[in-house]
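Got a structure here, written out as structure tokens. Questions coming.
The values are calculated or read from the model by the stated rules, or taken from the named source; none is laboratory data. This structure is a prediction, so every number in the text was calculated from the model and none was measured. Positions of Cβ are generated from backbone atoms using ideal geometry, with glycine treated the same way; all protein chains shown enter the neighbour counts.
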Amino acid sequence: MCGIVGYIGEKQAAPFLLDGMSKLEYRGYDSAGIAIFERGKIRIEKCVGRLDALKQKLASNLPEGTVGIGHTRWATHGRPSDRNAHPHANSNGDFVVVHNGIIENYLVLKEALVEKGHQFLSETDSEVVAHLLEENYDGDFEETVKKVLRMIEGSYSLVFLCAQEPNKIICTKKDNPLVIGLGQGENFIASDIPAIIAKTRRTYIMNDGEIATVTKDSVWVQDINGTPISKKVFEVNWNAEAAEKGGFEHFMLKEIYEQPKALRDTMTGRVTKDGKRIDFSELNWTAEEFADINKIFIVACGTSYHAGMLGKYYFEQLARVPVEVDIASEFRYRSPIIDSNCLTIIVSQSGETSDTLAALKEARRLGSRTLAITNVVGSSIAREADQVVYTYAGPEIAVASTKAYTTQLIVMLMLAIYVGEIKATLPEEKALSLVQGLKAVPEQIHTLLENIEQLKVFATQYGNSQDAFYLGRSLDYAVALEGALKMKEISYIHAEAYAAGELKHGTLALIVEGVPVIALATQDDVYDKTISNIQEVKARDAVVIAIALEGDDSIGKYVDHVIFVPRADKYLTPLLAVLPLQLLAYYAALTRGCDVDKPRNLAKSVTVE
Ligand code: AGP
């Protein structure tokens, strides 16, 4: 995610642009920049770091002009740096663009442009758009934009300036948000409402495929074929703080609901065009390279560690490579037996967790090859690892990790399928069915998120318990661990997860009348055993809420409540089963009046030992 702003009117553009970007920093803060028409030319000022760095740079030298655009970046392609900061321009600076999203085919387009003599300054996918505008400009800015949009593939919110046509800004979007604020003698453009709410509450919410030409007195919207589109004014009735959370009460809930998009973005460019196979050509892994990898270590902390536990199942069962999963703070001190025939996968949303970074350095010291799975481009872990696969979840603000977790899962599952095909350990039809299943997950999650009333009831009914137990076997056990962590870290209920088969070895002593037990029963191959464990706790009068697959019409007789998730391949159900657990924790925390986004004693990124 990135934050985009635009201004066209009679006042100086810079103050609105800078203020609007500050309201959008939750969408990204790796770098910031503005472009303003100043004395007939487009002046660009940008720098790496948070918006304050740009403000300091411009303190006594603000660009003067009444038309401009701005951008605060969340890096996806090209690490945070001055030259990768937006806005981007073509070589002579006549065409300037800010972009939020991913241009999937930018490499092909860039190669063709370089062959025509275009010189690129950045490593980003976005810069290619500015050069395409130059290459195709025929005196009509709107027509040029349409030509360029027919060439690019991927997701975008795009805002363009053209030096030859200084009295307008053009903007468009596909799969990323964009709004236009309607003022008097001035108009505003932004990725999100928080940036404009102080200026106007009258907005046009842009839809995919709409192209808007914005002047200080008009907004003209058309589609790519030139058909005019009449827009209804949307009156914003949120307050500024609510607007930053997209109307959600907390960032955590917003990020739970962002999961379908986060998963789609993370899969973008990693499934072949025919939709049949996984494509990690970004890694340049070959069969030979993997032939001598005889062990994988997955190392992480907290939620990322729980994701790594599922990674073990994926790599062992689909790619037939032995896997050890370690908590980073343990791994780094246990002198693991590692050599150059090992691959150590480091999982970290922030890419800055101290123990995880130290574990990565230890793995490298011992000769292991290393791969990082992280959500932050250019983070310490991303820079230290031999190779990186990014999740594209966008900034995760809430301390409790949700969308980062599910995007980590999907990256590891895709990697395991990919390695399974490289090593020929995964039958083609199984790989195909998994890829088909992967593509269905975002919509399945979306459906789950539309039906949460029952979860709210349970959270209220059991939210004042002091203890809660989460049970599961096989992949369900790894998901149970994650569910328990969500519950304990934001509701402060003493929630513990156990391998269901482990209960009789001690924990059963803690099961007393009325204690809530969340039992995951989505894994067919251990279903009967899980039912037995459920009966063990029911015999001690526990209250059992089961997470089960749609169509399971027998589990109801063993438990007090059932939350169903769509039936899917066993390797995919963790992506679905975790949803009710995230929401149960969220609503339980609300019931208990906890600070959901900033729970006590915790930090979003633990950069100390
Ligand atoms: C998860 O909800 C917690 N906030 C915490 O366990 C977190 O997953 C852990 O600190 C690891 O963070 P990282 O993924 O940024 O390395």
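Tell me, which residue of region 430-442 that is within 18 Å of Val578 (Cα to Cα) and not hydrophobic (A, V, I, L, M, F, W, C) is surrounded by the most Cβ atoms within 10 Å (Cβ to Cβ)?
Once the filter is applied, the top-ranked residue is Pro442.
While we're looking at this one, here's another question. Taking Lys557 and the conditions (1) over 27 Å from the mean Cα position of the chain (by Cα); (2) within 16 Å of the ligand (Cβ to nearest atom); (3) surrounded by fewer than 18 Cβ atoms within 10 Å (Cβ to Cβ), which numbered condition does it fall short on, given that it satisfies the others?
The one condition Lys557 does not meet is (2).
Say we look at region 378-412 and pick out the residues that are more than 14 Å from the ligand (Cβ to nearest atom), at pLDDT below 95 and closer than 25 Å to Phe251 by Cα; which of these is surrounded by the most Cβ atoms within 10 Å (Cβ to Cβ)?
Tyr392
Considering each of Ile490, Ile511, Ile445, Ile422 in turn, give the residue that is aliphatic (A, V, I, L, M), within 16 Å of the ligand (Cβ to nearest atom) and crowded, with 17+ Cβ neighbours inside 10 Å.
The unique qualifying residue is Ile490.
Looking only at residues that are of a type in the set (Val, Ile, Thr) and over 19 Å from Glu362 (Cβ atoms) in region 281-330, which one is nearest to the ligand (Cβ to nearest atom)?
Thr303
Can you tell me which condition Glu330 does not meet? The list is (1) more than 16 Å from Val411 (Cα to Cα); (2) touching a residue at least 12 places away in the same chain (Cβ under 8 Å); (3) in a helix (DSSP H, G or I), and all the others hold.
(2)
Of the conditions (1) within 10 Å of the ligand (Cβ to nearest atom); (2) farther than 30 Å from Glu244 by Cβ, Ala431 satisfies every one except a single condition; which number is it?
Result: Ala431 passes all but (1).
Still on this structure, I have one more. Condition first: in contact with a helix residue (DSSP H, G or I) (Cβ under 7 Å, 6 or more places away or on another chain) and more than 16 Å from the ligand (Cβ to nearest atom). Now tell me which residues in region 261-280 satisfy that.
Within region 261-280, Leu263, Arg264, Met267, Arg270, Val271, Gly275, Lys276, Arg277, Ile278, Phe280 qualify.
Restricting to region 70-114, give me the number of residues that are on the phi > 0 side of the Ramachandran plot and assigned to a strand (DSSP E or B).
1
What's the number of the condition Ser465 fails, among (1) under 18 Å from Asp569 (Cα atoms); (2) surrounded by fewer than 24 Cβ atoms within 10 Å (Cβ to Cβ)?
With respect to (1) under 18 Å from Asp569 (Cα atoms); (2) surrounded by fewer than 24 Cβ atoms within 10 Å (Cβ to Cβ), Ser465 is out only on (1).
Just give me the residues in region 36-50 being closer than 16 Å to Tyr7 by Cβ and touching a residue at least 24 places away in the same chain (Cβ under 8 Å), in sequence order.
Those that are closer than 16 Å to Tyr7 by Cβ and touching a residue at least 24 places away in the same chain (Cβ under 8 Å): Ile36, Phe37, Glu38, Ile42, Ile44.
For region 333-354, what are the residues that are hydrophobic (A, V, I, L, M, F, W, C) and in a loop (DSSP other than H, G, I, E, B)?
Ile337, Ile338
Check whether at least one residue in region 131-151 is in contact with a strand residue (DSSP E or B) (Cβ under 9 Å, 6 or more places away or on another chain) and within 24 Å of Met21 (Cα to Cα), and report yes or no.
Scanning region 131-151 turns up no residue that is in contact with a strand residue (DSSP E or B) (Cβ under 9 Å, 6 or more places away or on another chain) and within 24 Å of Met21 (Cα to Cα).
Please indicate, with yes or no, whether at least one residue in region 239-248 is loosely packed, with under 13 Cβ neighbours inside 10 Å and in a strand (DSSP E or B).
No, there is no match, as no residue in region 239-248 is loosely packed, with under 13 Cβ neighbours inside 10 Å and in a strand (DSSP E or B).
Sort out which residues of region 14-31 are of a type in the set (A, V, I, L, M) and assigned to a helix (DSSP H, G or I), and write them in order of number.
Ala14, Leu17, Leu18, Met21
Among the residues of region 550-570, is there at least one that is touching an Asp or Glu at 6+ places or on another chain (Cβ under 7 Å), modelled with pLDDT of 95 or more, over 26 Å from Val411 (Cβ atoms) and not β-branched (Val, Ile, Thr)?
Taking every residue of region 550-570 in turn, at least one turns out to be touching an Asp or Glu at 6+ places or on another chain (Cβ under 7 Å), modelled with pLDDT of 95 or more, over 26 Å from Val411 (Cβ atoms) and not β-branched (Val, Ile, Thr).
If I ask for residues that are among the acidic types (Asp, Glu) and under 25 Å from Ser304 (Cβ atoms), which ones from region 428-481 would you list?
Asp476
A further question on this structure: If a residue must be surrounded by fewer than 23 Cβ atoms within 10 Å (Cβ to Cβ) and either among the acidic types (Asp, Glu) or closer than 21 Å to Tyr7 by Cβ (or both), how many such residues does region 68-88 contain?
1
Tally the residues that are crowded, with 17+ Cβ neighbours inside 10 Å, of a type in the set (Asp, Glu) and over 16 Å from Met21 (Cα atoms), restricting the search to region 166-215.
2
Here's something else I'd like to know. Being in a helix (DSSP H, G or I) and under 35 Å from the mean Cα position of the chain (by Cα) is the requirement here; does Pro580 meet it?
It is true that Pro580 is in a helix (DSSP H, G or I) and under 35 Å from the mean Cα position of the chain (by Cα).
Here's a follow-up. Report the residue count in region 128-161 for those that are outside any helix (DSSP H, G or I), touching a residue at least 60 places away in the same chain (Cβ under 8 Å) and not aromatic (Phe, Trp, Tyr).
Counting residues in region 128-161 that are outside any helix (DSSP H, G or I), touching a residue at least 60 places away in the same chain (Cβ under 8 Å) and not aromatic (Phe, Trp, Tyr) gives 6.
From the list Ala358, Ala328, Ala363, which one is hydrophobic (A, V, I, L, M, F, W, C) and out of contact with any strand residue (DSSP E or B) (no Cβ under 8 Å at 6 or more places or on another chain)?
Going through Ala358, Ala328, Ala363 in turn, just one is hydrophobic (A, V, I, L, M, F, W, C) and out of contact with any strand residue (DSSP E or B) (no Cβ under 8 Å at 6 or more places or on another chain): Ala358.
For Thr370, state whether it is surrounded by 24 or more Cβ atoms within 10 Å (Cβ to Cβ) and under 29 Å from Tyr29 (Cβ atoms).
No, not satisfied.
Per-residue answers, yes or no, for (1) in contact with a Leu (Cβ under 6 Å, 6 or more places away or on another chain); (2) buried (at least 16 other Cβ atoms within 10 Å of the Cβ); (3) of a type in the set (Lys, Arg):
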| residue | (1), (2), (3) |
| --- | --- |
| Asp94 | no, yes, no |
| Val98 | no, yes, no |
| Leu107 | no, no, no |
| Ala112 | no, no, no |
| Phe120 | no, yes, no |
| Thr124 | no, yes, no |
| Glu127 | no, yes, no |
| Arg150 | no, no, yes |
